Amino acid sequence: MSVFEISITRSYVPNWGLLDACRELLQNAQDEVEANPDHPMRVRYSARQQRLTITSEGVVLDRAVLLLGQTSKRGTGARGIFGEGLDLALLALVRAQHPLRIENGMESWIPDLRYSEAWGQQVLVIETRRLQTPRNHFMVQIDAVSQEDWDTIVSRTLFLPGSLPRDEPVIAVGEHKVLPARPGRVYVRGIWVADVPNLSCGYDLAHAEIDRDRRLIDPWRLRDTVAEIWANAAMASRENVDRIWEMLRINAEDTRGLATKIQYSYGANATRIKNAVTEAWTEQHGDSVPVTSTQEAERADAAGIPAVLTTPAEAEVVNAATGRTLAIKLAEKATTYSRKWGVEDLTAAPAHIRTRWATVCEIAHVIVGGRTPLPISIAEMHSAYTMGLFTGGEVILADHLLSRDTPGEALITLAHEMAHAYGGDLSLGHMAAGEMYTARVIDYIVAMGANWPQPEAAA
C-alpha cells in the first residue's frame with residue numbers, strides 16, 4: 001500500500017457536491033466512448049445498496065492524470081476540457097462523505113482527505129493497493145447515493161439509459177436538438193448546464209461556452225444560438241414554423257433575437273427562412289401587417305391598411321421576414337392617392353371644393369408675390385393623415401382639407417408644399433421659404449376674414 005498527496009485543499013471548489021462529481025465522471029466516460037467505441041461505458045445503480053458504479057471498459061489511466069493540468073483528452077471536442085476535473089470529482093465525493101473506490105488496471109485507489117505535514121492543512125490523498133487480479137477497466141464505485149440523487153443524475157444526463165424516453169419528442173436541427181417537453185432546460189452535449197427562465201423548450205447544444213463548473217458563461221450567446229436553431233428549423237418543416245408562432249404569441253425567450261437573425265441573414269438560406277415565415281403569415285392573415293397597440297391599429301384603419309393586433313415579438317419577426325411593416329405601408333399610403341383632380345378636370349369635383357380650389361389658387365399667387373405659382377391639384381389621399389404632397393414640380397392637396405369649414409390647415413399645407421420648390425424637409429431653403437410663405441398666408445387669412453367659401457354658398 002502507498003499513499004500520495006494531491007495538492008488540492010479541502011476547501012477547493014466549495015460549491016461542488018455529489019451531482020457535480022457524477023457529472024464530471026460520466027462525461028469523462030462518455031468522451032472516452034466517443035473517442036474510442038471499443039471502450040464502452042457501463043453505468044449501474046443499486047437502489048438497495050445505494051451504490052452507483054461507472055466503468056470505462058478497456059481503459060487504464062496513468063497516475064499522471066491526477067496532476068493538475070494533466071489530461072487524457074484526445075481532442076478539443078471533449079465535454080471535459082479541464083484536466084483537473086477528475087481530481088475535483090474525487091474531492092467533492094470525499095468531502096460530501098460518499099465512500100468511493102476506484103479500480104484502475106493493476107491498482108485500487110481510495111481517495112481521502114488527510115492532514116499534510118508539508119502543507120499544514122488537509123489535502124486530497126490517494127491510497128493505492130495492488131489488485132490480486134488485474135482489471136482492464138477504470139471503474140469508480142460511489143456509495144450513499146440515494147434514489148432521489150440517482151433520478152436527478154439521470155434527468156441531467158441525456159446519454160444515460162432512461163434519461164430520454166423513446167416517446168419524448170426531439171427535434172434535430174443541425175448539430176443541436178430541441179427538447180419541447182423540457183422547457184427551460186439547457187444541455188451541452190447531453191450534460192445539463194442550466195435552467196433558463198422563459199424558454200418554452202429545452203435544448204441540447206452541440207457546443208457552448210461554459211466555465212469550469214459547467215455553467216453557461218454568456219446568456220447572449222445562448223440567445224443567439226437558440227435564434228439560429230429556430231431560423232434553421234423554420235426551413236425544415238411547416239410544423240416548426242407553427243411552433244415559432246406559438247412561442248412568439250407568448251413572447252417566449254426562445255424567439256428573442258430571431259428577427260435579427262432573419263433580417264441580417266444572407267444567401268439562399270436567408271431567402272428560404274423569410275419565405276417560410278412569410279408564407280405562414282400570409283396563409284393566416286393575407287397581406288395584413290402586424291401591429292402591437294390599439295393606436296397602431298387605428299392608424300392602419302384610417303389609412304385603409306389591413307392589420308392584425310399581435311405581440312411585439314411576433315410583429316418583429318413578421319416585419320423582418322415580409323418587409324410589410326406598418327411604417328412602410330403608411331409611407332406608401334402617404335404618397336399615393338386613389339383619385340386626383342387637376343386644372344383640366346377640376347370641374348368634376350364637388351362644387352364647394354371647386355370654389356375653395358379657386359380661393360387656394362388665388363392665395364398661391366399671393367404666396368409667391370404675384371408670380372405664376374406651381375401647378376396645384378386636389379386628390380383623394382389613401383391616408384387620412386396625408387395633408388399634401390410635392391411631387392414632379394406639382395403641389396397636391398388632400399381633398400379633405402377643402403372639405404373643412406375653416407381655411408387654416410389647407411392654406412398652411414399649401415405654403416409648406418410650395419416651399420418644397422426650394423428643398424426637402426428641414427433643408428435651409430425649404431424652412432426659409434416656408435416661413436415666408438406661411439407669414440403671407442396668415443396675413444391673407446386675417447384680411448380674408450369669413451370669406452372662406454362654404455358648401456351652402458357654393459351649391
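Things to note:
- Checked against the criterion of being in the same structural domain as GLU84 (by TED's automatic domain parsing), small (Gly, Ala, Ser) and at pLDDT 95 or above, the candidates SER11, SER46 yield just one match: SER46.
- Yes/no for TRP119 being aromatic (Phe, Trp, Tyr), surrounded by fewer than 19 Cβ atoms within 10 Å (Cβ to Cβ) and in contact with a strand residue (DSSP E or B) (Cβ under 9 Å, 6 or more places away or on another chain): yes
- Within segment 75-92, being of a type outside the set (A, V, I, L, M, F, W, C), at pLDDT below 50 and over 29 Å from the mean Cα position of the chain (by Cα) holds for one residue alone: GLY75.
- Qualifying position, being among the basic types (Lys, Arg), more than 19 Å from THR152 (Cα to Cα) and modelled with pLDDT of 90 or more, among ARG23, ARG101, ARG63: ARG101
- Considered as a group, the residues in segment 310-326 that are among the polar types (S, T, N, Q) and part of a helix (DSSP H, G or I) include one that is surrounded by the most Cβ atoms within 10 Å (Cβ to Cβ), and that residue is THR322.
- Tally, over segment 172-183, of residues that are part of a strand (DSSP E or B) and without any contact (Cβ under 8 Å) to a residue 40 or more places away in the chain: 3
- Looking across segment 124-150 at every residue that is among the charged types (D, E, K, R) and not in a strand (DSSP E or B), the one that is farthest from PHE4 (Cα to Cα) is identified as GLU148.
- Scanning segment 306-319 turns up no residue that is assigned by TED's automatic domain parsing to the domain that holds ILE412, of a type in the set (Val, Ile, Thr) and either within 17 Å of MET387 (Cα to Cα) or under 49 Å from the mean Cα position of the chain (by Cα) (or both).
- Checked against (1) within 30 Å of PRO14 (Cα to Cα); (2) in contact with a Ser or Thr (Cβ under 9 Å, 6 or more places away or on another chain), ASN251 passes all but a single condition, namely (1).
- For segment 443-457, filtered to residues that are in a helix (DSSP H, G or I) and surrounded by 14 or more Cβ atoms within 10 Å (Cβ to Cβ), the residue that is modelled with the lowest pLDDT is PRO455.
- Of the criteria (1) loosely packed, with under 15 Cβ neighbours inside 10 Å; (2) touching a His at 6+ places or on another chain (Cβ under 7 Å), which one GLY369 fails: (2)
- When the test is whether a residue is more than 16 Å from GLU362 (Cα to Cα) and either assigned to a strand (DSSP E or B) or free of Cβ contacts under 8 Å to residues at least 12 places away in the same chain (or both), GLY434 does not pass it.
- In segment 283-309, the residues that are polar (S, T, N, Q) and at pLDDT below 90: GLN284
- Within segment 126-151, the set of residues being in contact with a Ser or Thr (Cβ under 8 Å, 6 or more places away or on another chain) and more than 12 Å from GLN50 (Cβ to Cβ) comprises GLU127, THR128, ARG129, ARG130, LEU131, HIS137, PHE138, MET139, VAL140.
- Check on VAL186, assigned to a strand (DSSP E or B), over 24 Å from ASP20 (Cβ atoms), under 21 Å from the mean Cα position of the chain (by Cα) and not small (Gly, Ala, Ser): no
- The test for being in a strand (DSSP E or B) and touching a residue at least 12 places away in the same chain (Cβ under 8 Å) does not hold for VAL241.
The values are calculated or read from the model by the stated rules, or taken from the named source; none is laboratory data. From a predicted model like this one, the values you see are computed outputs, not experimental measurements. Please note: Cβ atoms are built from the backbone with ideal geometry, for glycine as well, and neighbour counts cover all protein chains shown.
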